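We did not get these values from a lab; they are worked out from the coordinates using the rules stated. As the structure is a prediction and not an experimental result, all values here were calculated from the model. Here the Cβ is made from the backbone with ideal geometry for all residues, glycine too, and neighbour counts use every protein chain on show.
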Amino acid sequence: MLKNGNYKPNRTGVDTVSTFSQTYKIDLAKGFPLLTTKDMSGFRWNSLIHELIWYFSGEEHIRNLQEHTKIWNAWADDDGNLPTAYGRFWRRYPIPNNEAALTGEWWPTNTEEWIEQASEQYQKSEEEIQKGIKRWINKEEDGRKVFDQLQYAIDTLKNKHPYRSSNSRRIIINAWHPANAAVSKLPPCHFTFVFNVQNGKLNTHLTQRSADIALGVPFNIAAYAMLTKIIAQRTGLEIGEFSHTLVDAHLYCGKNERGEWYEENLEELQAKIQNAEKNEDYLDIKTWIEKEAPEQKKAYDHIPGLLEQLSRTPKERPKIEISDKPLEDLEFEDFNLKGYTPYPGLKFAVAE
């Protein structure tokens with residue numbers, strides 16, 4: 001990204017060096033991919049685990065999350081409700097009521113005609129199909145009905161879906177609701193993922209519309225690696241690969257004069273990156289930036305810290321043990337990280 005990125009201002013006021021569509025894969029069988037080139041233990045690990053548990057809860061309010069981390073405070077409203085909560089859509093995706101559904105649309109709440117056709121197509125009784133569908137529907141206190149996407153995925157992967165199997169190419173979890181995203185303070189960044197089984201191994205592909213490389217992506221990698229392990233445990237599958245597509249992958253480079261300095265000096269920076277031959281060269285580039293760029297007190301410029309990371313040789317991956325319990329019952333103590341020996345931490349400020 002540093003070699004071929006583009007200078008790009010954005011809504012936060014903190015400028016970026018940005019690229020379009022980056023993709024990579026990680027073999028999760030080779031260890032837990034928690035970053036070792038900076039320390040992600042302590043409060044960072046605490047935030048990561050409690051955020052994932054909060055997703056599983058399906059809550060849209062941050063009251064329980066706030067007890068452990070302030071990670072979502074900036075985007076919640078005055079009452080603590082989060083306009084776009086990942087878990088709310090993972091576990092409680094809204095189903096239109098019959099009046100809102102368009103003519104000819106099929107939803108789990110108006111599928112009588114479809115079930116009759118499906119029972120013939122899939123050679124299942126109407127009762128079997130209806131029973132399967134009802135496992136994924138929950139009724140809210142106000143009467144609205146919601147769809148549990150994670151339960152649907154687990155049932156399909158366990159071959160308990162009434163007419164699909166773990167070979168399905170439709171095991172998709174979606175956190176993006178277009179009408180919500182149009183007005184939300186922060187629509188989902190990692191907005192959709194797909195489970196795919198190959199040779200008895202569970203693979204996960206995540207699509208992320210906006211990717212903060214220094215701060216966000218290390219959390220995303222760890223969270224979805226754990227999610228893959230958790231779902232594999234509950235479906236009797238081996239763990240496979242994590243694949244990640246970043247649509248707008250960016251490095252924050254500072255506010256005002258500091259950000260503008262990168263616009264003026266990006267070609268020179270990229271030439272230095274291209275010519276770097278050994279780890280120590282990245283530290284020389286970091287020193288050059290710190291000497292030449294306008295000073296910025298808060299660490300909105302992530303590039304010096306990332307250059308320091310590039311100067312570090314990654315260490316052996318740690319291992320993660322997770323209790324095999326129902327998703328809703330998982331607690332912080334059920335996640336056991338072993339053999340993690342990272343380099344010291346680095347400071348990166350969040351661009352809100």
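Computed from the C-beta positions of residue 75 and residue 165, the FRET efficiency with R₀ = 35 Å rounds to 0.35.
Could you run the Debye sum over the Cα atoms of region 93-147, one equal point scatterer each and no solvent, and tell me log10 of I(q)/I(0) at q = 0.13, 0.18, 0.22 Å⁻¹, two decimals? The Cα Debye sum returns log10 ratios of -0.35, -0.64, -0.88. Spacing of the modelled spin labels on residue 267 and residue 280, each 7 Å from Cα toward Cβ, amounts to 3.1 nm.
Length available on full extension from residue 12 to residue 30: 0.36 nm per residue minus the Cα-Cα distance, which gives 2.8 nm. Mind listing which trypsin sites (Lys or Arg not before Pro) in region 29-135 are in a DSSP loop and have 12 or fewer other Cβ atoms within 10 Å? Sparse-neighbourhood loop trypsin sites (Lys or Arg not before Pro): 70. Label zone (residue 334, point 7 Å along Cα-to-C-beta; backbone nitrogen cut-off 14 Å) within region 210-244: 226-235. Non-local lysine pairs in region 63-178, meaning eight or more places apart or on different chains, with alpha-carbon distances under 22 Å, amount to 12. Placing R0 at 30 angstrom, the Cβ-Cβ distance between residue 98 and residue 46 gives a FRET efficiency of 0.10 after rounding to 0.05. Among beta bridges identified by DSSP and lying wholly in the chain, the antiparallel ones come to about 80 percent.
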